[in-house]
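A.B. asks: Below: one structure in structure tokens.
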Amino acid sequence: MKSAWLKFRDKGTKMAQFELNDDSVVVIIGSGAGGGTLANELAQKGVKSVVLEAGKRFDIGDIENDEWAMFSKISWLDKRYSGGGWHGSVNHPTLPAWIVKGYGGSTNHWAGVALRFKDFEFKTRTNYGAIDGANVEDWPIDLDEMTPWYEKAELKMGVTGKTTGMPHLPWNNGFRVLAEGCRRTGRTDYNSGPMAINSVERDDRPQCQQIGFCMQGCAIGAKWSTMYTELPRAEETGLCEIRTDAMVLKVEHDEDGKASGVLYADKDGNQHLQKARIVCVAGNSIESPRLLLNSASSMFPDGLANSSGQVGKNYMNHTTGGVYAALPEKVHMFRGTSVAGIVGDEVYHDPARGFSGGYYLEFLSLGLPFMAAFLEPGNTGWGRSVAGALENYDKMSGVWVLGEDLAQERNAITLHDSEVDQYGLPAPIVSKTPHNNDYEMTAHMYETSAQIYEAVGATDVYELPAYPATHNMGTNRMHADADKGVVNAYGQAHDIDNLFVSDGSQFTSSAACNPTLTIVALAIRQAEYIAQEMNAQNI
Amino acid sequence: MNIRFHPFKKNRKEHEGLSRRMFLMTTTMAGVTTSAMLGGASIASAASINEAQGTMLLRMVQDIYPHPGLLELSHYEAIVATIGKNADENPESADDLKAGLAKIDEQSQALYGKPYAELEDADAREGVLRHFQHEGFFQGVRWTAYFGIYDNKDIWPLFGYQGSSVEHGGYIDRGFSDITFVPEGPTLEERMAEVQG
Ligand SMILES: Cc1cc2nc3c(=O)[nH]c(=O)nc-3n(C[C@H](O)[C@H](O)[C@H](O)COP(=O)(O)OP(=O)(O)OC[C@H]3O[C@@H](n4cnc5c(N)ncnc54)[C@H](O)[C@@H]3O)c2cc1C
Ligand code: SF4
């Protein structure tokens, strides 16, 4: 099935090879949603790049329909610590986030939900005002500016909906239960898209076969991932070299304070210095700020691009939780698309609800192994209540709820003062303490979800606390004002012209929606800007 | 007790007949951390484990994940065998385990005047075990039981879980949308009409 569908364009094509001292290349750190998209966009414009990816070169043949097998195979499991007041600092002490290390980055694990920000979500300071304990700011861009880039991203990724004309996916059992609950509680905004999953054959990729396991990687390539789209396409141009098992340790700069190259370790631990005309950081929102902090020098003692002091701060990962309901009859929610539908009725800002911002409910199926691990995470998740709940597994439907997470300075990526990773670099501590806004919103989310499921006859409703973070944002935030943010509206460092941030760490605010469509749209826009600035000899 | 019923906002009457809402996580967690989420907490050895300890472990794994109507004793025995094998391979954690088992019995004797495995009341047994749930030896047993049950392909069908589907062409023709107690979703034509125009 796999080979009949997916053409491996990279097989037989000779990948470009650049010299370590070639200082004309753009160096991109990370091959996920941001880095992979940027590499392909630049390559299509004739710009040469070297992508350095810390993880292995996986291909679609590595994908298995097995939750723990894929977790062990592709997750980022280097030393990391959870900090702050969220339950994970006790229950997931060394797994603050569940993201990927490897060719394609977290687009291997991602579920494919491809939502746009709402206009009010780009202007949170204006709309929510100053909030105690939070660091809420407006983006330097808005929905009008982003709309054409969102359209390009939707066409690139193959997002169901009006832009592509691809119908949303067929509704599976689990989502049909949720949708009926929505209907009975008077909701109107619930549908099986927009998803970056082919509902029909498109762009050399097949139609979704309702395999399930979208979050373990799509074994047939129906779901967009840079692994089998952007990355091989970039390589095919002969203008992009992707080096895997290449962990960037430090971004170097010259005496004028311009980025001059990056130091990386190969799989044998040997270190190399790759020179660069431009450096783009896209290691996801934990590694990107960590790298900038680890790149401190005598000229930049607080880390690169950190004159604002905001590098690593404002870590956001959405206000989340899970809700699973046991229904009176079998549901078999695991059959078919993992995130099979989205409820958008609660995405609006109304301070009368007791919190700022809105939230989505997204149907999410878990296999039995993950359900048993996350129903009650941590040391206490055993005993009769847990086992009894799990006996309802085949009658469950459930949602992942996610809403706006307000930026706070104390939520941050910091460097451990004694623990180091396998490369000898200080390990990151990922601190997250919920804001009062989060507690209010979470209570509302649980209540709404329970009402919906009760309307379809749920016998039990289980509320789950946040999972290890899959959405990570904000740690190199965008701001018009160089004192308040790390990068400008194009992701270009305020302090260093030829240093860019190309992932979700640019986000000024989190919005309620999943981040990837916005990461991809920003990367497409950034590629255009970089090409233009290179041509103008500005960088 | 580790179930917290979520406070209902509406008055009681309105809620009668409604579902039970549960937030399963206990609120207090001592600062004991198993390594990573699945604690690399390794489990003790077994040629090193005597018969009484084996009996105790068999009771323990059933109390940790009790599925009396669903699983056979042999499923639990297999888990105890794994615990034993792990113990043989790792003498240090075997010692931990044995010391842990002794502490459980001590606690049980102190509270009920009987060894743990002889307590008849399931609540009492769970209560005794809860005292030790943040300890490495306990989490080692617990996670071995977890993997032996919920990550065990032979057991999945008993929970109605079908697992891997790619080799069968997905669930597209195998019931991904076959339930009858709620309405069907929109047809392809309806879904097409939605996105065009
Ligand atoms: C289970 C799961 C489900 C998700 N579902 C959705 C969804 O439905 N919708 C959505 O919008 N988003 C979803 N996401 C989030 C989505 O995957 C991320 O937002 C997106 O992939 C982030 O893109 P990125 O480029 O910032 O980072 P990534 O895609 O994580 O890529 C970063 C890459 O950089 C590499 N790297 C890091 N540091 C270094 C270094 N120092 N040197 C070299 N390489 C480095 C990493 O190995 C990695 O491959 C999901 C994520 C997960 C894990
Ligand atoms: S459900 Fe569809 S998108 Fe998800 S893994 Fe299966 S085929 Fe791929």
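The values are calculated or read from the model by the stated rules, or taken from the named source; none is laboratory data. Every value quoted in this text rests on a predicted model; they were computed, and no experiment measured them. For neighbour counting, all protein chains shown are included, and Cβ atoms are generated from backbone atoms with ideal geometry for every residue, glycine included. Ligands, DNA and RNA are excluded from the accessible area calculation, which covers all protein heavy atoms including side chains. Shrake-Rupley method; radii C 1.70, N 1.55, O 1.52, S 1.80 Å.
A.B. asks: Step through the residues of region B:121-137 one at a time and calculate ³J(HN,Hα) from phi using the Karplus curve (6.51 cos²θ - 1.76 cosθ + 1.60, θ = phi - 60°), rounding each to whole Hz and writing x for Gly and Pro.
C.D. replies: With coefficients 6.51, -1.76 and 1.60, one gets 7, 4, 4, 5, 5, 4, x, 5, 5, 4, 4, 10, 5, 8, 8, x, 4 Hz.
A.B. asks: Work out from phi, with θ = phi - 60° and the Karplus expression 6.51 cos²θ - 1.76 cosθ + 1.60, the ³J(HN,Hα) of each residue of region A:379-388, listed in order in whole Hz, and give x for Gly and Pro.
C.D. replies: 5, 8, x, 8, x, 5, 5, 5, 4, x
A.B. asks: So what is the relative contact order of region A:485-537, in percent, for Cα pairs below 8 Å that sit 6 or more residues apart?
C.D. replies: Working: 34 pairs, mean separation 15.2, N = 53.
It rounds to 29 percent for region A:485-537.
A.B. asks: Which lysines, on any chain, are close to B:Lys98 with Cα under 22 Å apart, when same-chain ones fewer than 8 places away are left out?
C.D. replies: B:Lys85, B:Lys114
A.B. asks: What is chain A's relative contact order, in percent, from Cα pairs under 8 angstrom and six or more apart in sequence?
C.D. replies: Values: 1346 pairs, mean separation 130.8, N = 539.
Relative contact order for chain A comes out at 24 percent.
A.B. asks: Continuing with the same structure: Go ahead and run the numbers for FRET between A:Tyr439 and A:Asp189, Cβ-Cβ distance against an R0 of 25 Å, rounding to 0.05. If you can, show how the numbers build up before the last one.
C.D. replies: On the way: r = 25 Å, r/R0 = 1.00.
Efficiency computed from Cβ-Cβ geometry: 0.50.
A.B. asks: Here is a further query. In nm, give the distance between the simple-model label positions of A:Glu391 and A:Gln532, each being 7 Å from the Cα along the Cα-to-Cβ direction.
C.D. replies: A separation of 6.4 nm, rounded to one decimal place.
A.B. asks: Looking only at other chains, what is the average number of their beta-carbon atoms within 10 angstrom of each beta-carbon in A:166-175? It would help to have the intermediate numbers written out before the result.
C.D. replies: Values: counts 4, 11, 6, 2, 9, 8, 8, 9, 3, 3.
The per-residue average across the peptide is 6.
A.B. asks: To make sure I understand the rule: partners must be aspartates and glutamates, Cα under 14 Å from the Cα of A:Lys258, and not fewer than 8 residues away in the same chain. Which ones qualify?
C.D. replies: Answer for A:Lys258, where 14 Å is the Cα cut-off: A:Asp23, A:Asp495, A:Asp497, listed by chain and number.
A.B. asks: Let a ≥ b ≥ c be the square roots of the eigenvalues of the Cα gyration tensor of the protein assembly as shown; is it rounded (a/c under 1.5), or, if not, prolate (a/b larger than b/c) or oblate?
C.D. replies: prolate
A.B. asks: From a point 7 Å beyond the Cα of B:Gln109 in the direction of its Cβ, which residues of region B:116-146 have a backbone N at a distance under 14 Å?
C.D. replies: B:116-118
A.B. asks: Next up: So if I take the centroid of the Cα atoms in region A:134-187 and the same for region A:407-464, what is the distance between those two points in Å?
C.D. replies: Computed from Cα coordinates, the inter-centre distance equals 23 Å.
A.B. asks: While we're here: When Lys and Arg each count +1 and Asp and Glu each count -1, what net charge do the other residues less than 15 Å away from B:Ser177, Cβ to Cβ, add up to? Numbers along the way, then the final one.
C.D. replies: Details: positive: A:Arg176, A:Lys330, A:Arg335, B:Arg174, B:Arg191; negative: A:Glu180, A:Glu329, B:Asp173, B:Asp178, B:Glu184, B:Glu190.
So the environment of B:Ser177 carries a net charge of -1.
A.B. asks: If you take the accessible area of B alone, add that of A alone, and subtract the area of the pair, what total do you get in Å², probe 1.4 Å, to the nearest 100?
C.D. replies: Working: alone 13620 and 19300 Å², together 25960 Å².
Looking at B and A, the buried total is near 7000 Å².
A.B. asks: To continue, here is another question. What's the magnitude of the charge dipole for region A:258-299 around its Cα centre, counting Lys and Arg as +1 and Asp and Glu as -1 at the beta-carbon? Answer in Debye, nearest 20. Walk me through the numbers before you get to the answer.
C.D. replies: Working: 5 positive and 3 negative charges, 44 e Å.
I would put it at about 200 debye.
A.B. asks: Of A:Ala54, A:Ser72, A:Leu20, whose Cα points farthest to the positive end of the dipole of the protein assembly as shown (charges on the beta-carbon: +1 Lys, Arg; -1 Asp, Glu; origin at the Cα centre)?
C.D. replies: It is A:Ser72, whose Cα lies furthest towards the positive end.
A.B. asks: For the cross-link pairs A:Lys275/A:Lys484; A:Lys45/A:Lys432; A:Lys56/B:Lys153; A:Lys223/A:Lys275, which exceed 32 Å when the distance is taken from alpha carbon to alpha carbon?
C.D. replies: Numbers: A:Lys275/A:Lys484 30 Å; A:Lys45/A:Lys432 40 Å; A:Lys56/B:Lys153 28 Å; A:Lys223/A:Lys275 35 Å.
Too far apart for the 32 Å limit: A:Lys45/A:Lys432; A:Lys223/A:Lys275.
A.B. asks: Which whole-number percentage describes the relative contact order of region A:416-539, with Cα contacts under 8 Å and a sequence gap of 6 or more? If you can, show how the numbers build up before the last one.
C.D. replies: Details: 104 pairs, mean separation 18.5, N = 124.
RCO, region A:416-539: 15 percent.
A.B. asks: Now for a separate question. Whenever you get a sec, compute what percent of the accessible area on the protein assembly as shown sits on carbon and sulfur atoms (1.4 Å probe).
C.D. replies: Numbers: 12610 of 25960 Å².
Carbon and sulfur together cover 49 percent of it.
A.B. asks: Tell me the angle of helix A:436-455 to the major Cα principal axis of chain A, expressed in degrees between 0 and 90 and rounded to the nearest ten.
C.D. replies: Orientation of helix A:436-455: about 40 degrees from the principal axis.
A.B. asks: Placing +1 at every Lys and Arg Cβ and -1 at every Asp and Glu Cβ, with all other atoms neutral, what dipole size does the protein assembly as shown have around its Cα centre, in debye to the nearest 20?
C.D. replies: Values: 64 positive and 95 negative charges, 161 e Å.
Magnitude of the dipole: close to 780 debye.
A.B. asks: Could you give the accessible area per residue of region B:59-150, probe 1.4 Å, as a whole number in Å²? Kindly include the intermediate steps, with their values, before the conclusion.
C.D. replies: Values: 3980 Å² over 92 residues.
On a per-residue basis, region B:59-150 sits at 43 Å².
A.B. asks: Same structure again: Towards the positive end of the charge dipole of the protein assembly as shown, with charges on Cβ (+1 Lys, Arg; -1 Asp, Glu), say which of B:Tyr76, A:Pro96, A:Cys182 has the farthest Cα.
C.D. replies: Sorting the options by dipole projection puts first A:Cys182.
A.B. asks: Lys/Arg Cβ at +1, Asp/Glu Cβ at -1, dipole of region B:43-190 taken about the Cα centre: which of B:Phe181, B:Gly163, B:Pro91 is farthest positive-ward?
C.D. replies: My answer, from the dipole projection, is B:Pro91.
A.B. asks: Once amide H atoms are built 1.01 Å from N in the peptide plane, which residues 5 or more positions from A:Cys280, or in another chain, come under 5 Å H to H?
C.D. replies: The answer is A:Val27, A:Ile28, A:Ile29, A:Phe500.
A.B. asks: List the residues of region A:316-352 for which accessible area in the full set of protein chains is at least 20 Å² lower than for the chain on its own; 1.4 Å probe, protein heavy atoms only.
C.D. replies: Residues passing the criterion (a loss of at least 20 Å², heavy atoms only) are A:Glu329, A:Lys330, A:Phe334, A:Arg335.
A.B. asks: Count, for each residue of A:206-218, the Cβ atoms from other chains sitting within 10 Å of its Cβ, then give me the mean as a whole number. List each step's numbers first, then the result.
C.D. replies: Numbers: counts 0, 1, 2, 9, 10, 10, 8, 5, 0, 0, 2, 0, 1.
Mean shielding by partner chains, rounded to a whole number: 4.
A.B. asks: If you don't mind, another one. Step through the residues of region B:182-190 one at a time and calculate ³J(HN,Hα) from phi using the Karplus curve (6.51 cos²θ - 1.76 cosθ + 1.60, θ = phi - 60°), rounding each to whole Hz and writing x for Gly and Pro.
C.D. replies: Per residue, the Karplus-derived 3J(HN,Hα) values read 10, x, 6, x, x, 6, 4, 4, 5 Hz.
A.B. asks: If you count only protein heavy atoms and use a 1.4 Å probe, how large is the accessible surface of B:Thr187, to the nearest 10 Å²?
C.D. replies: About 70 Å², rounded to the nearest 10.
A.B. asks: Can I ask one more? I'd like to check one number: the per residue accessible area of region A:4-535, probe 1.4 Å, reported in Å² as a whole number.
C.D. replies: Details: 15250 Å² over 532 residues.
That works out to 29 Å² for each residue.
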